[in-house]
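Only one structure is covered here, and it is reproduced in the block below.
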Amino acid sequence: MENWSLISLCVLLGLTARWAVSFHSYSGAGKPPMFGDYEAQRHWQEVTYNLPVHEWYFNTTNNDLNYWGLDYPPLTAYHSLVCAYVAKLLNPEWVELYASRGYESHSHKLFMRATVLFTDILIYIPAVLLYCFYFCDGSSKQKVATAFCILLYPGLILIDYGHFQYNSVSLGLALWGILGLGLGWDLFGSLAFTLALNYKQMELYHSLPFFCYLLGKCIKQGLTWRGFFHLVKISMTVLVTFALCWMPFLSDPKQPLQVLHRLFPVGRGLFEDKVANTWCSLNVLIKIKTLLSRETQLFALTLLFVLPSSLKLLSKPTLWQFKLALVNTSLAFFLFSFQVHEKSILLVALLVFFVFRSMLPLLLKDGLLLPYVVTSLAFLFLSLYLLSALERSTEEELRLGLYRKLTQRWLPKLNLSRIIKWKFWFSLAAMAALSFTSVWLKPPAKLPDLFPVLVSVLSFLHFLGFIIYFNQVQLMEPQRKKSQKKTN
Amino acid sequence: TVMAAPMTNDQSWFYALALGVSFLKCLLINAYHSTDFEVHRNWLALTHSLPVSQWYYEATSEWTLDYPPLFAWFEYGLSHIACFFDKEMLVVPNLNYASPATVLFQRLSVIVADVVFFYAVKECCKCLREDKGKDLLGKPSFILTVLLLWNFGLLIVDHIHFQYNGFLFGVLLLSIARHCQNRHFEGAFLFSVLLNLKHIYLYIAPAYGIYLLRCFCFTQSNADGSLQWRSFSVVRLVILGTIVLSTFAVSFGPFIALGQLPQVLSRLFPFKRGLCHAYWAPNIWALYNIADKAFSILGVKFRLLDINKLPKASMTGGLVQEFQHSVLPSVSPLATLVCTLLSILVNLPNSNIYTIFVILSLLQPALFKIWHRPNGARGFLRCLVICALGSFMFGWHVHEKAIMMAILPLSLLAVDSRKDAGIFLMLSVTSHYSLFPLLFTTQELPIKIFLMLLFTIFSLASLKTLFRKGGALLNPLEVTYLLGLIPLELICEFVYPLTVWQKTFPFLPLMLTSVYCALGVTYAFIRLYISLLTCSDTTKKTKMQ
């Protein structure tokens, strides 16, 4: 079969899975008075449609910020506004000020789901396809298989089409940014990433690598003339994009400050928690950049020194809602970054699966158990089958050189790759058991939170392992010739 | 390469496809389900809570038991698992009961029952000639597996609309596979079981009868392929008869003993229905209806007909109703029966019933060729498809779902010869599109389009790869016709609902769909018919033996 038909089959399967998941419940369905993320998105449509721009981020008589006040950057607000115009066309009740609070109906759910699907098709899916075709090694069939696995990645599908969010927009834009950088279109890349940043402030976590990479590239070209000019061009692009996005808020200095206050609610004590996760996701992401450019390795090293403290902070998970979106963002990047190391796919499957597992309590609350079980099993099965992960997990391919040296001193006859395989199945079994117990068994009366805590402890242990592993890989590994060739 | 790895484990791709489609089916559990869901819930309830003697008399719900006894026993068996999910669904007066546990159980029962279908597909793949060394995606068995397991019609009819066709087609395909493997007794047994599960398969019973008689009871043919009368094996006929009769005895015996046979039969064959369903199946009668409509409109316009004398034609109504033709003569059940019989009998290859229909044979001398050349399992399959398609084309009160009876066996032929592949593409795309009105809810609109595209693109691309040599599978006219489905879909489901006519003529898109599809199905039928008449040259390809 030709490539185009294979690709279209993959995309169609991805779309089918997405829409099939959307048949199920969403966050906060039928749970007044606050409902959930679904209501938040609907409320933003209501606010942006009915109120003038300068009231969007302020607590006014018409805008109660305590009821899902806007706390995303302007681009999200504009997106809501566009959606609101369509909603108004279809049914004015959906966006009526006040009256529409907590509005729920079958047709409205359809409309909201359709908006997610639309942005997904427009932004995320083309980015994934291009990414796989430009930046993955292997035959074209291998590329299609990789794209297929990314498209069917259950975390994103469940959060966007089950729980309800627009992660595909910010992730897709950031991915376009990576694509731009990878293809050498630095201006386009920085434009796309700035847009991502202006869609969801969470993308800040990924901004440092972008910055480092671009700066490093300029330095390499020589900061005196060519590099400097390049730097100016890039910074102009970023500044102009920012200015355009923030234009309606620039008339009065109070406005942008209030927006920033909404975006980064330091007063609410969230900041530390967010930063903690920043470092984690950064650490993983940096790896791509090191493959792209040598300069940034210095930055990675500095970041590594901050690692222990950030790990410590990670172990105190608070504000589950926020973390979820976060985990999801970094996760998708995990997945992409793994494609650079396509040989260590065994770990991808496990890691992705694990992060995903940690979402279980939330998804249970949303009544999304069935799609959760089905999509996770399907994904696990697919990634194992299509990418035949287990067969490829030999020691060198997993880059376990360091551990080998370490263990050989103590246990000379140890077969590491076999241990890893056993560990894989053991982890899976543990996860399955935990999922099962948290769904069907009642926790003992003394420890009502036993299962969620167990899930997060187990997931955390895995995260920890992966972070150590990736740092090791990043530091120990010689430059890969192929990826270097591409970036040059 | 990546694809090479799965191939090392020879059959693993089959399980991957089966598991993948099962995952998809599980995701569809919450999707829309039609009244057939309630039909089957009601059957669960009545078989569970009533004695056998009441099964075919019970009429609390309007959806009375109208499948043969073995299916009732199947429901009876299911009901014993159902009580672990939700006991309330097994109460007969609980009409339209659809608690989440009920939905889960009923959906899962369909998904699990499809295991029979998986097994049957696997057995069918064994009958195919395997090209070694080919790319996995170009293997006939791989293509056949996808065409059957991921069949669009089965997915939407069983797992969204709600029915147990997968399981039933599993029995049918398994019986076909057994015949291909020369295990004729098993095949005959399976088919008689199938008849007692759902009597719609009676339409293809002639193919089975003739095939078993001609190719199995007559043990030898002459050198030129004609019948050798002396080779008739009475033993085989007796064993076959015993198998079939005993199956029927087990199924209908209790009801005969209770003296309920007339009641059971009246439930199975309700003759009070109209020629066409509320939504016309895309067959000859859809074209007949539209011609009638056109004549009556023209007649009124040119004052040839008096508008007051025309019978009030209502095509917009709900369930089952009669449709009076205005100009063309109204069609009676008997007429369609004759038409169906003619279309089937005219086409029976390998049959000695032709001696009875000498006149017909004289009308079509080409048939002699086929009569002289029994074509083995391939000919049998072809005959089966013609029977199914013929009955679909001319049958009384045919439902559009009945087309699957032709499409699934045709898939087996499609991976075997390029001519059939072309016919398969035409028929499957057209008739799958004609299933669209089954799912009329907005929520399912994207999924039916995605799945349809998925299946169509796969079948087009894979069959094209399989028959790479020898030019295009479809001629430009056929391609144009198929592409015409896209604007048709856009008009019917996107543009038309926004227009003012939606309120006054809500049936127009349905009519358009069924007439447009009827053209394609009729064309495919004619092509299949012609290929049957001219297939004497392909007799050498007796691969399926």
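Each reported figure results from applying straightforward, stated rules to the coordinates on display, with no laboratory input. Quick caveat: nothing in here was measured; it's all calculated off a predicted structure. Because the Cβ atoms are built from the backbone with ideal geometry, glycine has one as well, and the counts that use them run over all protein chains shown.
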request  = Could you point to the residue in B:Leu453, B:Phe467, B:Tyr529 farthest towards the positive end of region B:435-540's charge dipole, with +1 and -1 charges on the Cβ of Lys/Arg and Asp/Glu respectively?
outcome  = B:Phe467
request  = Towards the positive end of the charge dipole of region B:1-119, with charges on Cβ (+1 Lys, Arg; -1 Asp, Glu), say which of B:Trp43, B:Trp55, B:Phe84 has the farthest Cα.
outcome  = B:Phe84
request  = Note down the net charge around B:Leu445, summing +1 for each Lys or Arg and -1 for each Asp or Glu among other residues with Cβ under 13 Å from its Cβ.
outcome  = -1
For A:Ser100, A:Ser27, B:Ser231, order by how many other beta-carbon atoms lie within 10 Å, fewest first = B:Ser231, A:Ser100, A:Ser27
request  = Over region B:35-187, consider all pairs of different Cα atoms and compute the Kirkwood hydrodynamic radius from their mean reciprocal separation; express it in Å, one decimal.
outcome  = 17.1
ask   = Amide H of A:Thr60: which non-local residues (sequence gap of 5 or more, or other chain) have their own amide H closer than 5 Å, using H built in the peptide plane?
value = A:Leu65
query = How much net charge surrounds A:Val169 when only other residues with a Cβ under 13 Å from its Cβ are counted (Lys, Arg +1; Asp, Glu -1)?
reply = -2
inquiry  = Taking the Kirkwood radius as the inverse of the mean 1/r across Cα pairs, report the Rg/Rh of region B:110-158.
reply    = 1.03
query = Contour minus end-to-end for A:Leu97 and A:Leu65, with contour as 0.36 nm per residue of separation and end-to-end as the Cα-Cα distance?
reply = 10.1 nm
ask   = What is the Å³ per residue value for the convex hull set by the Cα atoms of region B:415-466?
value = 55
inquiry  = Just to compare against my own numbers: the Cα pair-distance distribution for region B:131-254, 10 Å bins, whole % per bin, please.
reply    = 11, 31, 30, 21, 6, 0
request  = Diagonalise the Cα gyration tensor of region B:107-191 and give the resulting equivalent ellipsoid semi-axes, square root of 5 times each eigenvalue, largest first, whole Å.
outcome  = 23, 19, 8
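Would you mind computing Rg(Cα) / (2.2 N^0.38 Å) for region B:57-98, counting N as its residues?
Ratio of Rg to 2.2 N^0.38 Å for region B:57-98: 1.20.
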query = At a Förster distance of 56 Å, what's the computed FRET efficiency of A:Phe426 paired with B:Arg303, Cβ-Cβ distance as r, to 0.05?
reply = 0.05
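I want the local charge near B:Glu88. Using Cβ-Cβ distances under 15 Å, sum +1 for each Lys or Arg and -1 for each Asp or Glu among the other residues. Mind dumping the intermediate values first?
Numbers: positive: B:Arg41, B:Lys87; negative: B:Glu38, B:Asp86.
Counting the neighbours of B:Glu88, the net charge comes to 0.
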inquiry  = With only alpha-carbon atoms in the gyration tensor, what are the semi-axes of the equivalent ellipsoid for region B:376-462, in Å, largest first?
reply    = 24, 18, 8
inquiry  = With the crude spin-label approximation of a point 7 Å out along Cα→Cβ, what separation in nm comes out for A:Trp4 versus B:Ala101?
reply    = 5.3
ask   = Are there trypsin sites (Lys or Arg not before Pro) in region B:456-517 that DSSP puts in a loop and that have at most 14 other Cβ atoms within 10 Å, and which ones?
value = B:Arg468, B:Lys469
message = Rounded to the nearest angstrom and ordered from largest down, what semi-axes does the equivalent ellipsoid of region A:1-89 get from its C-alpha gyration tensor (root of 5λ)?
response = 34, 17, 10
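Over the Cα atoms of region A:81-221, what is the Rg over Rh ratio if Rh follows Kirkwood?
With Rg and the Kirkwood Rh in hand, the quotient comes to 1.07.
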Of A:Lys200/B:Lys25; A:Lys109/A:Lys141; A:Lys143/A:Lys200; B:Lys401/B:Lys503, those spanning more than 32 Å from alpha-carbon to alpha-carbon = A:Lys200/B:Lys25; A:Lys109/A:Lys141
request  = Would you kindly derive the ³J(HN,Hα) couplings of region A:159-171 from the backbone phi angles with the Karplus curve 6.51 cos²θ - 1.76 cosθ + 1.60 (θ = phi - 60°), listing them in order in whole Hz, with x for Gly and Pro?
outcome  = 6, 6, 9, x, 4, 4, 7, 10, 5, 4, 5, 5, 5
query = What is the distance, in nm, between label points placed 7 Å from the Cα along the Cα-to-Cβ direction at B:Thr219 and at B:Tyr529?
reply = 3.9
task = Mind giving me the nanometre distance, one decimal, between the label points for A:Val86 and B:Leu265, set 7 Å out from Cα along Cα→Cβ?
result = 5.9
task = For an R0 of 35 angstrom, estimate the FRET efficiency from the Cβ-Cβ distance between A:Ser140 and B:Asn475 and round to the nearest 0.05.
result = 0.70
Residues with amide H under 5 Å from that of B:Val398, placed H, sequence gap 5 or more = B:His277
key: Gain in span if fully extended, B:Gln502 to B:Leu108, counting 0.36 nm per residue against the direct Cα distance   = 138.1 nm
message = Stokes-Einstein diffusion coefficient for region B:45-125 at 25 °C in a medium of 0.890 mPa s, Rh from the Kirkwood formula over Cα pairs: what value in µm²/s?
response = 177
